[in-house]
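Worksheet: one structure, shown below.
Derivation of every value follows stated rules applied to the coordinates shown; laboratory data play no part. Owing to the predicted nature of the structure, the values given are computational and were not obtained by experimental measurement. So basically every Cβ, Gly included, is an ideal-geometry build from the backbone, and we count neighbours across all protein chains shown.
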Ligand code: SF4
């Protein structure tokens, strides 16, 4: 494990270093084999670190992974071998936005590198307490679209159910980070039942999306009950699950879970790979188990500054997903969530990446780049058609 020498977590990456990395990454557009191999490499991968002594069975047990998540700055300091004082600037952040990282996800990163794209997604950053122009705790106006607590009903034919506020890893760019600390009176079934009742009395709802938090953190029994209850409502035709577990806790997708989910088809599964290094043998196996159970798996990435907002990384991510049969579905422009400005990439840059990808990547691997409109006014596709048409003189 490499030592960190006095650098605070969340200290902004050095602009020069960023530029050098970008230059290197973009050097051989549209992506040489060398570049593609390089994008998957992690020189100082942290590995199992503190957990070197645990058995393979424990490491592969999702409940062990959950129990051993890093939940405090003290533990994080221990894992990355730095004095806890060097993380002091993150103390106030973690009171508002707690930390949670699985040992598995930590094992994939170079913890000594502040710009590591996986580290940046889960390590707290003092900038999370800033508020930039246009940012909001609830940028999509979800709270205003809830006829009952936890159920977002914005479109006539579908709704989204926030089944839990717990996640295996708390992603620092999350657009629902406002709910991480919410207290919920009563048990999980008591929380969910009023949402089921709303769905049952609303015949226009033919599709229900289970989201959170992470629905796969519910017990198998509760998830089975919930899916079965929804499936029994005559007008509910399609169920969808949004979960990042294949990326951050892939051992959660056990053969038993996949078999249970299979019973509730048609069921669609959306996950969120944001970087090619998240495509590992473990995450591949998790997706494969879902696919083998007849559950299509799609991906919804977020365009994140310094993480995947360059052509080479995005291309590696997309073709990596295609290789493991996960369909790239959306690439989201990062929402104007409070304190997430340091993750927000430039839209024009995003469109340029998409335009380059359009010429060099199979259509099967191309997601739709979209902006979720603030206030919940729906998704707008961000496309380069107009500029491309002008370049070709089609506007004349
Ligand atoms: S797993 Fe999803 S809901 Fe949970 S923190 Fe990450 S982005 Fe947010």
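Taking 0.36 nm per residue of separation and subtracting the Cα-Cα distance, what length does fully extending residue 358 through residue 379 add? The partial results should precede the final answer.
On the way: separation 21, 0.36 × 21 = 7.56 nm, distance 2.02 nm.
That works out to 5.5 nm of additional length.
Report the Rg/Rh value for the range 136-269, based on alpha-carbon coordinates and the Kirkwood definition of Rh.
Values: Rg = 14.3 Å, Rh = 15.2 Å.
Rg/Rh for the range 136-269 comes to 0.94.
Provide the percentage of antiparallel DSSP beta bridges, counting only those with both residues in the range 143-391; round to the nearest 5. Show your work: numbers first, answer last.
Details: 8 of 33 bridges.
Taking every DSSP beta bridge with both residues in the range 143-391, the antiparallel ones total about 25 percent.
Please build a GNM for the chain, connecting alpha carbons under 10 Å apart, and tell me which residue among 266, 139, 215 fluctuates the most.
Evaluated over the chain, the most mobile residue of the options is 266.
Under 1.5 on a/c is rounded, so check that first for the chain, then, if it is not, pick prolate when a/b is larger than b/c and oblate when it is not; a ≥ b ≥ c are the square roots of the alpha carbon gyration tensor eigenvalues.
rounded
How far, in nm, would the chain grow between residue 71 and residue 263 when pulled straight, counting 0.36 nm per residue and subtracting the alpha carbon separation? If you can, show how the numbers build up before the last one.
Details: separation 192, 0.36 × 192 = 69.12 nm, distance 3.46 nm.
Using 0.36 nm per residue and subtracting the Cα-Cα distance, I get 65.7 nm.
Running Debye on the range 286-348 with equal point scatterers at the Cα sites and no solvent, what base-10 log of I(q)/I(0) appears at q = 0.17 Å⁻¹?
-0.66
Testing the spin-label approximation: label points 7 Å from Cα along Cα→Cβ at residue 84 and residue 148. State their distance in nm.
According to this spin-label approximation, the distance is 4.3 nm.
If I take the Cα coordinates of the range 208-282 and project them onto the principal axes, what are the three extents in Å, biggest first?
The Cα atoms of the range 208-282 stretch 42, 21, 19 Å along their principal axes.
For labels at residue 323 and residue 155 in the simple 7 Å Cα→Cβ model, what's the distance in nm?
Between residue 323 and residue 155, the simple spin-label model gives 3.2 nm.
Assuming a ≥ b ≥ c are the square roots of the Cα gyration tensor eigenvalues, decide whether the range 44-129 counts as rounded (a/c under 1.5), prolate (otherwise, with a/b larger than b/c) or oblate.
Details: a/c = 1.92, a/b = 1.60, b/c = 1.20.
Here the range 44-129 falls in the prolate category.
Going out from 0 in 10 Å bins, what whole percent of all Cα-Cα distances in the range 313-372 drops into each bin?
Histogram of Cα-Cα distances, whole percents per bin: 21, 50, 25, 4.
Given only helices, namely DSSP H runs of n ≥ 4 each adding -39500 (n - 2.57), what is the per-residue ellipticity at 222 nm of the chain, to the nearest 500 deg cm²/dmol? Mind dumping the intermediate values first?
Details: 16 runs with 135 residues, N = 396.
Computed ellipticity for the chain at 222 nm equals -9500 deg cm²/dmol.
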